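The values are calculated or read from the model by the stated rules, or taken from the named source; none is laboratory data. Source: prediction; values computed, not measured. Methodologically, a virtual Cβ is constructed for each residue, glycine included, from the backbone with ideal geometry; neighbour enumeration extends over all protein chains shown. Each accessible area value is taken on the protein alone, full model and side chains, heavy atoms only, with ligands, DNA and RNA left out. Shrake-Rupley method; radii C 1.70, N 1.55, O 1.52, S 1.80 Å.
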Amino acid sequence: MDKIVPGQYQPPLPLDKLILQDGAEGSGDRMELDVLIVGAGPAGLACAIELARLAKADGAELNIGVLEKAEALGEHSLSGAVVNPRAFRELFPDLKDSDFPFRAPVAKEAVYLLTAERRWRLPTPPTMHNRGYYIASLCEVVRWLGAKAEALGVNVFTGFPAAQLLVRDAAVAGVRTAPAGLDRDGKPTPGGTAPNDLVAKVTALAEGTRGLLAQAWCQWQRVPSENPQIFALGVKELWETKQPLDRVIHTLGWPLPSDAFGGSFVYPLEPNLVALGLVVGLDYRDAALDVHVLLQRLKQHPLLRALLAGGEMVEWGAKTIPEGGFYSLPERRSGAGVVLLGDAAGFVDVPSLKGIHYAMHSGLYAARAIFQNLKNGAALSEYDRLVDASYIARDLYRTRNMRLAFRDGFYLGGIQAALMTLTGGRFPNGKYRMHADVEVARRLSPGLRPGSPETPVGVSKVDAVFKSGNSTRDTIPSHLIPAKDVPVEVARFYAHVCPAGVYEAIDGGLRINAPNCVDCKATDVLGPRWTPREGGSGPKYKRM
Ligand SMILES: Cc1cc2nc3c(=O)[nH]c(=O)nc-3n(C[C@H](O)[C@H](O)[C@H](O)COP(=O)(O)OP(=O)(O)OC[C@H]3O[C@@H](n4cnc5c(N)ncnc54)[C@H](O)[C@@H]3O)c2cc1C
Ligand code: SF4
């Protein structure tokens, strides 16, 4: 074997398990709501807040529920993050920027091209200008938004992953949650709880990147997109440093190979508290590429070595980002009884690495459409109309081919992206066609051959998972679905893809250490399918 096409080893989405007739046997409790929101991220919580406000202003009673798989708000939230405050200002017109849960305004910024030992400062591309924006921790943002939602009477149910879509004919009727307390073989234990059914007039899927139910709905309802969605994996560390940092830094180049797209970010939440991350497109060509290992290498660069010297890594985490942009948006993000918000719909602008304000604004627009739907029966397609007429669609259209140009490699992609910037997105005419990441062939480099030396530097994956706060019980059944009989070369590829050390290549195939999973979804993109497991499993991020 000299190359791997990951799609040949990926099981199909288990649609027969994900789409369930409402009323099907097997649930414990049943709860009826007006609106059910799946996912307490910026998209879901902005939607809940706007909806509760609209109802209050109208003197209407709305029963709104938000389901979140993390045990507490924010524990599964991870971002950079430099935040464009525009959605906050619209959602909270009575508050000042200084009232929002931001750490600091962006004072200075720098972009560098790196080689292993050197750096060149580049002019900041217009898409990467961050003046007027704020540095924040998404965990803190989510906790703050959650408190605002609860104060308005929204029911936030943490520790409840939605596992299946409940449907009536072609309409979404709600969700069934994952059971808790199963043993390793998936059998109920005495302290366990059965799944619950939550039904609602409208269900908003705000599950974030690579949302399982959003994927299932698009496939079930045959909702296409012009290009398949593509993803990047971001691995992030939070450092308490001895040296202060006064600027937002982005880097390109080393340690990424020239046929991979990505770069790093270094954001000071406080002068001595620095978020540091590496983001790499999952269409890279080398099967041995390992984003976690590359981040460890990046920290050896003189630029970062000097900053981190004597400091301590206090948190670690990972998450994917939908990178396809405009041409990867589902043709419609609404259907009978359902809307798709935020990352679950793909509202991310990759050239600026921004998704939070788009997620929140999609939540606002969805709330307005849902409210009219409940009040006077207006179609939920009003949500699509609002998004398509908004700056979300305009921004994504302007940069529509910029990420896609990098399928041709870093240098050719860089030249094309520069021309796109100069022409306001008009160069080139038309659309770059993309393959799904899972269809991109990976070459087997020497690193993947048995017995070849690997030179680990920095933090191991085991230590990294510890720093994510993940303390999932060891006796949990595996929530990951690999293909049968995975060749050892593919098992090694998965071991590199997964930043959390979940996969190990062993004699005769693949071993899965499922409790280590931090729900980043990278192998859901490239290999074994991810499914929700019992509530409260996974990481416990505090300031990511
Ligand atoms: C490394 C990295 C750096 C980034 N940097 C920036 C930046 O600097 N600025 C910026 O604006 N954006 C940035 N982004 C993008 C930004 O974080 C996202 O666009 C944004 O968080 C999307 O919000 P969301 O509400 O759609 O999804 P999320 O924030 O992912 O929230 C989704 C929520 O749904 C929950 N959930 C998922 N599935 C289920 C389920 N089945 N049942 C119940 N709950 C579920 C999750 O636990 C999560 O809490 C970055 C992303 C990454 C990964
Ligand atoms: S197994 Fe979990 S942590 Fe590993 S890549 Fe897949 S989703 Fe991410």
Cα centre as origin, Lys/Arg/Asp/Glu Cβ charges: the chain dipole, Debye: 1300 debye
Translational D in µm²/s for region 1-43 (Stokes-Einstein at 10 °C, 1.306 mPa s, Kirkwood Rh from C-alpha pairs): 105 µm²/s
Net charge of Cβ neighbours under 11 Å - reference residue 82; Lys, Arg +1; Asp, Glu -1: +2
Mean-position separation - Cα centroids, region 500-544 and region 201-217, in angstrom: 20 Å
Net dipole in debye of region 51-127 [+1 Lys, Arg Cβ; -1 Asp, Glu Cβ; about Cα centre; nearest 20]: 540 debye
Three-way shape call for region 150-201 based on the alpha-carbon gyration tensor, with the a/c threshold at 1.5: oblate
Cα-based shape type of region 204-249, given that a ≥ b ≥ c are square roots of the gyration tensor eigenvalues and the cut on a/c is 1.5: prolate
Cut-off under 5 Å, modelled amide H: who pairs with residue 314 long-range: 238, 239, 240
Rg to Rh, two decimals, where region 471-544 supplies the alpha carbon set and Rh follows Kirkwood: 0.97
Positive-pole candidate from 379, 44, 320, dipole of the chain, charges at beta carbon: 320
Equivalent-ellipsoid semi-axes of region 91-246, from the Cα gyration tensor, Å, largest first: 39, 23, 20
Calculated over region 35-134: convex hull of Cα atoms, volume per residue (Å³): 156 Å³
Region 30-130: GluC sites (Glu not before Pro) in DSSP loop, at most 10 other beta carbons within 10 Å: 61, 117
When region 234-390 is reduced to its Cα atoms, the Kirkwood hydrodynamic radius in Å: 17.9 Å
Hydrodynamic radius by Kirkwood, which averages 1/r over all alpha carbon pairs of region 122-214, in angstrom: 17.1 Å
Whichever aspartates and glutamates have a C-alpha closer than 13 Å to that of residue 236, once near sequence neighbours (fewer than 8 apart) are set aside: 315
Rg over Rh, two decimals, region 45-94 (C-alpha only, Kirkwood Rh): 1.04
J(HN,Hα) series, region 356-363, from Karplus relation 6.51 cos²θ - 1.76 cosθ + 1.60, nearest Hz, glycine and proline x: 5, 6, 5, 4, 5, 5, 5, x
Surface accessible to a 1.4 Å probe, per residue, for the residues of the chain, Å²: 39 Å²
Amide hydrogen neighbours beyond the local backbone of residue 37, cut-off 5 Å, H modeled: 65, 66, 67, 204
Length-normalised contact order for the chain - Cα pairs under 8 Å, 6+ apart - percent: 22 percent
Largest-first principal axis extents, alpha carbons of region 303-366, Å: 56, 22, 17
Convex hull volume per residue for region 257-321, taking Cα atoms only, in Å³: 100 Å³
Hz values of 3J(HN,Hα) by residue in region 207-214 - Karplus curve (6.51, -1.76, 1.60), Gly and Pro given as x: 7, x, 4, 6, x, 5, 6, 5
Rounded FRET efficiency, nearest 0.05, which uses the C-beta distance separating residue 221 from residue 394 and R0 of 22 Å: 0.25
Residues whose placed amide H lies under 5 Å from that of residue 445, excluding near-sequence neighbours: 287, 288
Positive-pole candidate from 359, 80, 189, dipole of the chain, charges at beta carbon: 80
Alpha-carbon centroid distance for the pair region 115-160 / region 305-356, whole angstrom: 10 Å
Backbone HN-Hα couplings from phi across region 301-310 [Karplus 6.51/-1.76/1.60, Hz, Gly and Pro as x]: 5, x, 4, 8, 4, 5, 5, 8, 3, x
Whole-percent pair-distance distribution, where bins are 20 Å wide, for the alpha carbons of the chain: 23, 59, 18, 0
Calculated SAXS-style log₁₀ I(q)/I(0) at q = 0.10, 0.14, 0.21 Å⁻¹ - region 178-291, Debye, Cα scatterers: -0.61, -0.93, -1.09
